[in-house]
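Asker: One structure coming up, written as C-alpha cells, with questions to follow.
The values are calculated or read from the model by the stated rules, or taken from the named source; none is laboratory data. Given the structure is predicted, the values throughout are model-derived calculations rather than measurements. Quick reminder, even Gly has a Cβ in these numbers, built from the backbone with ideal geometry, and neighbours come from all protein chains shown. We work out accessible area using only protein heavy atoms, side chains counted, and drop any ligands, DNA or RNA first. Shrake-Rupley method; radii C 1.70, N 1.55, O 1.52, S 1.80 Å.
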Amino acid sequence: MSASSPRRPVLPASACGGAFALLTVVVLAHGRAPFGFETAAVHWGVTHRPGWARTVAMAVTALGTDVFPYLLALAAGAVAVRSRRPSGARPALLLLAPVAWLIAGQLLRQGLMRILARPRPPIADWAFDASGHAFPSGHAFTSALSAGLLAVAVARAHPRRPAPQRQRQRCSPP
C-alpha cells in the first residue's frame, strides 16, 4: 500500500469500532449497570469538583451537541473538495458525504441507546442537564465521530510522504 493510499484510515477506524463493540458487549454482560469504578469516579468527581470544572464540562459537551459536530463534518467535506478538486456533481457529494456519515452515526447511536437503556448516574450528581440513556453518550460519541471524520479528511488530503532514502557514501580504500 502506498503512502498516499486512501485505505490508510481504515485500520484506526476499525480499531475504534472494534473497541466500541467490545465495550458494548462488556456493558451488556454486566447487566447495563454501572461498574464499581464508575460509581467511585462519579462520587469522587462530585465531591472534588471545583467551580471552574462545570464550565469546562459544559464547553466540552458543547463540542458534541447542537450544530458544532455538523460544522466539523462540513469542514471535513470542504477539505475533501479542496484536496481533490472534483468536477460536475462530485463537489456536492464530497462536501455532504461526511454529514451523511454523521447522520448515520447518530441513527446508530440512538438505536444502541434505546436497545442498551443504560441508566445515568443519579440526577443530583449531574453538572448539567442530560437526556436519554447513558450509553453510548451522545456528546462523546458525536464529537468523536465528527472529529474522526475531519481527521480522516485531513489525513487523506495530506498523506505522509516516505522519507527520502539516503545515499550511501562510499569510502574508497586508502
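Asker: Looking only at segment 63-85, which residues are among the small types (G, A, S) and without any contact (Cβ under 8 Å) to a residue 60 or more places away in the chain?
Answerer: A78
Asker: Moving on. Would you confirm, using the coordinates I've provided, whether Q106 is assigned to a helix (DSSP H, G or I) and touching a Ser or Thr at 6+ places or on another chain (Cβ under 8 Å)?
Answerer: Judged against the criteria, Q106 is a match.
Asker: Report those helices (runs of 4 or more DSSP H) wholly inside segment 33-101 carrying at least 1 residues which are touching a strand residue (DSSP E or B) at 6+ places or on another chain (Cβ under 9 Å) and loosely packed, with under 15 Cβ neighbours inside 10 Å.
Answerer: Of the helices (runs of 4 or more DSSP H) lying wholly inside segment 33-101, none has at least 1 residues that are touching a strand residue (DSSP E or B) at 6+ places or on another chain (Cβ under 9 Å) and loosely packed, with under 15 Cβ neighbours inside 10 Å.
Asker: So A153 clears everything in (1) open to solvent by less than 40 Å² (accessible area, probe 1.4 Å); (2) at pLDDT 80 or above; (3) assigned to a loop (DSSP other than H, G, I, E, B) except one condition, right? Which one?
Answerer: (3)
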